[in-house]
Amino acid sequence: MADAFYPFVGEGPTGISDPQNAPVQASGEPCSLGEVVTNPARIAVFDDPTASPRVVVIQPSDVRTFLEEITATVTKLAKEQGGSISFTVIREVVENYVHAYFIEPTITILNGGNTIRFSDQGPGIREKDRALEYGTTSATEEMKRYIRGVGSGLPYAQQYMEDHGGTLTIEDNMNAGTVVTISMPTPHAAEVAASQQQGNEVWQAPQQDFQQMPQQAQVPRPYAQQASANPYQASPQALPQQMGYPQPGYQQPWQQQAQPYPSGTYQPMTQPGYTQPYYQQPAYQQPWPQQAQPYQAAAWQPAYQQADPHDLNERESQVIAYLAEHESVGPTDLVNTYGGSLSTWTRQLQSLEGRGYLLKDKQKRRLTEAGRALLG
């Protein structure tokens, strides 16, 4: 295989340089990393979440060929499912099987190829937060024959995933070893989130404008405009006031006496330009003067969420309480203080960050102005 696949890799010594200080497996046997891998890698592909997965086995071979074949196969299977995770990210995570001495490597492909879980039963990672910091590494000289070993793999993978809307988490495996999960949002979930965000922005603007809209006076139309086109088809609203008929729903501000018709034959008045006669109505006088206020739509302002401690769940409140006494926080800090799993605390930190209460600084989170408002 070409060395360009793993640049800057040298040709160092083989075998364990210090067998007495070598890591041990869960069974108590010392870990060893030789020229050839002894354990196969198993890739479980969940084509249907309600059915058993199909399993693809990568047979043991020399270390470099083994790493290359795992990377290429996982990328191919994830893409076939519709996944969008980068080949480079998958390769960086696969390389960490060197640190686990290739003890029971297992890969699980879920969520239409957009979630990939890498697990092993090696020595594990004690300081998981530091494993995500550039420059921290536990690579030995023998490992540097196959990987760069400069502490850049997992930090780069996490940064890439977050820049593209995804996540990378590190957890302990059930018995021994480590589980690294990389996940990207599915295209459908991204479309739904974008639609909801756009809908919220469109809805908030008219709501704010409506709240600032002045109340416009509703001036009733004169009864002459409401009269029937044919004056002889009389309705209660179209009857002339000269005949003394009351107008329904309308209270006159003054008392008017009915005027008797003059003697002789009644001749209805005709309006110029119209052949139909009409009965003249007195012009409606508004009992009080009122000036219409021009409508001025205020400039739209984005709606900010006001910090409210009652909106936090129990774990989120514990995060804020921790930051009240510390400058920054990471998932491992919360596990050591309150217990629980890294993935649980990672989700709580991401939730608070998404609501504007926390700001990510390298691998830690700090309080924003909105977050400090929660402290009272």
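Taking a straight Cα-Cα cut-off under 18 Å and skipping sequence neighbours fewer than 8 places away in the same chain, the lysines within cross-link reach of K364 are K128. Sorting 156-163, 96-103 by their mean Cβ neighbour count within 10 Å, with the most densely packed peptide first, gives 96-103, 156-163. Put simply, when 75-86, 332-343 are sorted by average Cβ atoms within 10 angstrom per residue, most first, you get 75-86, 332-343.
Can you give the accessible area per residue of the range 85-148, in Å², using a 1.4 Å probe? Each step should come with its number before you reach the end.
Working: 2380 Å² over 64 residues.
So the range 85-148 comes to 37 Å² accessible per residue, rounded to a whole number.
Given the peptides 53-60, 128-135, arrange them by the average over their residues of other C-beta atoms within 10 Å, most packed first.
Descending packing order for the listed peptides: 128-135, 53-60.
Taking every C-alpha pair closer than 8 Å and separated by at least 6 residues, the mean separation divided by the residue count of the range 94-184 gives a relative contact order of 32 percent.
The values are calculated or read from the model by the stated rules, or taken from the named source; none is laboratory data. Everything quoted here is computed from the prediction, not taken from an experiment. So basically every Cβ, Gly included, is an ideal-geometry build from the backbone, and we count neighbours across all protein chains shown. Heads up: the accessible areas ignore ligands, DNA and RNA and are worked out on the full protein's heavy atoms, side chains in. Shrake-Rupley method; radii C 1.70, N 1.55, O 1.52, S 1.80 Å.
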